[in-house]
Amino acid sequence: MKKEPVFLIDAYGLIYRAYFAFIRNPLRTRDGRNTSAIFGFFKMLFRFIREYSPVYCGIILDSKTPTFREQIFAQYKATRQKTPEDLHAQIPLIEDILAEMGFSCVRLDGYEADDIMGTLSVRAEEAGHDCYVVSSDKDLAQLVTRGVRIIRMEKDNFRLMDSDAVKEKWGVSPEQIIDYLALVGDVSDNIPGVEGIGEKGAARLLSLYRDMDDIYAHLDEMSPSIEKKLSQGKERAYLSRELATIKTDVDIDVGIEDLKIGKGRPDRVEALFESHELKSLILDYRELFGVSSGTDKADKETASLISNEEDVRGSYVSVISGVEFDTLCEKIKSVSLLALDTETDSADPFSANIVGISFAFSPGDAYYLPIVSPDTDCLDNSFVLAGLRKAFSSCDALIIGQNIKFDLHVLRRWGLDLSGPFFDTMVAAWVLDAESGNFGMDFLAERYLGWKTLHYTDVVEKGSDFSSVPLDIATSYAAEDADVTFRLYEVLEKELLKEGLVDIFYDIEMPILKLLTDMESRGIRLDADSLRKFSVELDEKLKDIEKTIYACAGHEFNINSTKQLQIVLFEERGLTPTKKTKTGYSTDISVLEELAGIDELPRLILEYRSLFKLKNTYVDVLPSLINPVTGRIHTWYGQTGTATGRISSKDPNLQNIPIKTEEGRRIREAFVPDDGFVFISADYSQIELVILAHLSQDQGLCRSFIDGEDVHRATASLLFSVPVEEVSVEQRRIAKSINFGVMYGMSAFRLARELGIPRKDAADFISAYFEKYSGIKAFIEKVIREAEEQGYSQTIMGRRRRIPYINSKNKTQKMAAERMAVNTAIQGSGADIIKKAMIEIEKLLKEKGLSARMLLQVHDELVFEVPEEECDVTMRAIKSCMESVVKLSVPLRVNVESGKNWGQMH
DNA sequence: ACTAACTCGTAC
DNA sequence: GACGTACGAGTTAGTT
């Protein structure tokens, strides 16, 4: 009869894996001890036992003292991070539990677990047992023979690997693994390997030659570069081989019979699990080891504790019967607050299909309504849709959601329209603290509720989606989201009130949310054919320039690699670098422009770059983003994407479509209105400078706007003391640079570079500017002072942004913070104004019965699609609406134009 | 193979 | 070090 197999478990491998699996969300006892490693280790061990029912099973540990490998090579594992203290503390606890369970733990000073496993595997095989080494370390593959195999932990599965599997995975046989490792090296163990030989190269060499000696005996057959690498790395290769070789003859006093799992002491095991507050492991343990429960009392306590845990989760209801659904609908109709969250099969709001909807009506009272489920019959979809439609139409609750714009799209495409009012917890958190940059629900739950949520990745397998999550898990995840959203609402609502941000939130951001949803779902039409033609033209031009560049450089290279370009420009051609980056010399546009006068190549690179950018960022991408259902492009407007209050746009970003160059403008021209419609574009004239004038009340700046002058010309006139009509083109250019520079806190260094003048001259311009515009100087100082005192910068409508480093002792940080403070006051006010205008325009259009559709917002510009016959009246309405949305002490002017494409206007 | 950091370039 | 706010393409170096 065949002998029972012997299993050897690499304990540290499992322990590390368990600990880091929970690293973002560690398990802790009530008094704060980390128990992630204990929990994860035994979960995995139990799963292993369930699958393999081992009789012989040794738990093998690494030496606590340095091993012989460190003696050979001091750098061995030198780059490893030190074991975290809270992990280290769990190891003896794990050993204790294992001992009480009846497992033998084996370790030996001076040797790694690998060496012990190697030795015991040989002994097991000799004694006629099959042997399995449980580890995910690829080094162990060298132990594989006919009788020895390895079991790798992959995600949640165990994968058995024999000789063929090793060959398939690494391309070499188990006997060659040592040589393979010696050539490739190992980053985590800090084994050097041969420099320049990677996995591919090593596998190829070992398919041609038996082993390393064989390789070195035939160096003359190699290509020159491989030969060079090998001969230079010979010493390291042989050292690496020694390090990678697992010992199979360690002098250790352990026999196979010692590995037999002994009789455990269940009461002690359970007490230990209990002391670590890991009750679910007790159940697993009892089930696996067939332990009859201990005393009645302990049993009852445990059972009640476990059911308590389940009570919290179990109160989330899966809605799968008609009666439950009816009850849910009744609730929707009668409540005044309702949190909802949709689950979908994709993160893209314009293609995602609905998988389920969760609702919460008060803290803890949450429901999950599955639409699609892998393991449960759902209610008829059209029945559910009809029922929800009816319920929502007679619902007047405040609808609460996290990133609810997404849900609105999904529901709308499913056939369910919600009209609000809305409360978006993500937007609320952003209004409260835009600087934090994180508005994800998991983060907010932790920050505002101290609640650790189930994470999406805990529930959905990688590469899969929510439609394949079993109902009970889907319910605990989805209903928790709705529950947490509801609870966040309660906290955030109070915070908004306390911080005086209620108006911004309810009067601006929530109406904007609705508006953005409409703009996004309308989308915009694109003339894809014209772009495809353009793409071909660009491709030809690029190929030409590429050839010219190679000819000019004398060889081919990757033009897109700044690293290679640096070599070509600054080494081969001997050009002088004019600017540095963190990693080397800059090759950006300003540098190339300077060099273009001296050398031909930089000019070619400039042209190449601009065309390459156009083609790969816009021309080829935009047509691919046309939605097959609507035939239009649907951008995603980010309402929480900026720290200043602006809106952002992505997939595609329609806020950075080229306009400055003739070639770039062709892309704008590809944006066209629907048949029978024209575009209207309305943009604020110099809005940020107007705001600066208003906020600073600077006399000179206000004057030029009141008189309706060209501001840059007026600035030049003041700066150079010449009459307005005598300002030269050059003078206006300088004035324009300074006008913008001031709002961004530009330095003399930068201005000098931009204008190509000495730094001293630039500094003189700036000080002359502030002398003439003394009100601006005072304004900047005031904004900075307020930020220093309050910790935040404020806009015209009371929106705030925290300025973290405004009181920093570090001068660079401090100055950067000052620039942020000043710019936020201006840029953020601009954002406030156009947002308010958008809301007013939408209202006015509705009142007047005009059918114009707002499509795009580009910070100071709005683009509409209007029926041709309504064009003129709509243009007038929009203009007057935008100009009168705020009362400033200087006129706020708007240019309106109409056109048959986006590029035609301006 | 995937990810993060870096550089560059487009817009306002 | 040196100009604010975004998004995104491509390269490179580091990690699985």
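Tabulated data for the structure shown
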| read-out | value |
| --- | --- |
| Entries of A:Lys736/A:Lys777; A:Lys843/A:Lys879; A:Lys169/A:Lys228; A:Lys650/A:Lys846; A:Lys660/A:Lys736; A:Lys533/A:Lys615 with Cα pairs more than 19 Å apart | A:Lys169/A:Lys228; A:Lys650/A:Lys846 |
| Rounded tilt (10° steps) of A:11-21 against the dominant C-alpha axis of chain A | 20 degrees |
| Chain A: relative contact order as a whole-number percent, Cα under 8 Å and 6+ apart | 9 percent |
| Lys pairs, the range A:322-499 - Cα-Cα below 30 angstrom, 8 or more residues apart or on other chains | 15 |
| Stokes-Einstein D in µm²/s, Kirkwood radius over Cα pairs - the range A:10-79 at 25 °C with 0.890 mPa s viscosity | 170 µm²/s |
| The range A:532-667: relative contact order as a whole-number percent, Cα under 8 Å and 6+ apart | 18 percent |
| Percent of Cα-Cα distances greater than 18 Å, calculated over the range A:395-495 | 54 percent |
| Kirkwood-based shape ratio for the range A:787-828, expressed as Rg/Rh from alpha carbons | 0.98 |
| Accessible surface of chain A [probe 1.4 Å, protein heavy atoms]: carbon and sulfur percent | 50 percent |
| Length-normalised contact order of the range A:839-906 in % [C-alpha pairs under 8 Å, at least 6 apart] | 24 percent |
| Distant alpha-carbon pairs in the range A:527-631 (separation over 16 angstrom), percent | 61 percent |
| Solvent exposure of chain A as accessible area per residue, Å², 1.4 Å probe | 47 Å² |
| Nitroxide proxy distance, nm - points 7 Å out along Cα→Cβ at A:Asn895 and A:Glu571 | 4.8 nm |
| Degrees separating the helix A:381-393 axis from the principal Cα axis of chain A, which is the longest one | 50 degrees |
| Debye, to nearest 20: dipole size of chain A, +1 on Lys, Arg Cβ, -1 on Asp, Glu Cβ | 2260 debye |
| FRET efficiency, 1/(1 + (r/R0)^6) with R0 41 Å, evaluated for A:Leu449 and A:Cys105 via beta carbons | 0.50 |
| Chain A - Rg over Rh from alpha carbon coordinates, Kirkwood radius | 1.03 |
| Label zone at A:Val724 (point 7 Å along Cα-to-Cβ), backbone N below 11 Å, the range A:689-712 | A:703-712 |
| Cα-Cα P(r), the range A:320-427, percent of pairs per 10 Å interval | 14, 51, 32, 2 |
| Neighbour net charge for A:Val431 - beta-carbon separation under 13 angstrom, K R +1, D E -1 | -4 |
| log10 of Debye I(q)/I(0), alpha-carbon scatterers only, for the range A:322-499 at 0.11, 0.13 Å⁻¹ | -0.44, -0.62 |
| For A:Arg732, net neighbour charge (Lys/Arg +1, Asp/Glu -1) across residues whose Cβ lies under 9 Å away | +1 |
| Distance between modelled label sites at A:Ala768 and A:Glu175, nm, 7 Å Cα→Cβ extension | 8.5 nm |
| Within chain A, helix-based [θ] at 222 nm, where runs of 4 or more DSSP H residues each add -39,500 (n - 2.57), nearest 500 | -15500 deg cm²/dmol |
| Hull volume in cubic angstrom per residue (convex hull over the Cα atoms of the range A:618-731) | 179 Å³ |
| Cα Rg, Dmax (largest Cα-Cα span) when computed across the range A:687-829, Å | 15.5, 47 |
| Using alpha-carbon coordinates, inclination of helix A:266-275 to the longest axis of chain A, degrees | 20 degrees |
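The values are calculated or read from the model by the stated rules, or taken from the named source; none is laboratory data. The model shown is predicted, which means the values in this text are computed figures rather than measured ones. A quick note on method: Cβ atoms are made from the backbone with ideal geometry, for glycine too, and the neighbour counts reach across all protein chains shown. Note: areas computed on protein heavy atoms with side chains; ligands, DNA, RNA excluded. Shrake-Rupley method; radii C 1.70, N 1.55, O 1.52, S 1.80 Å.
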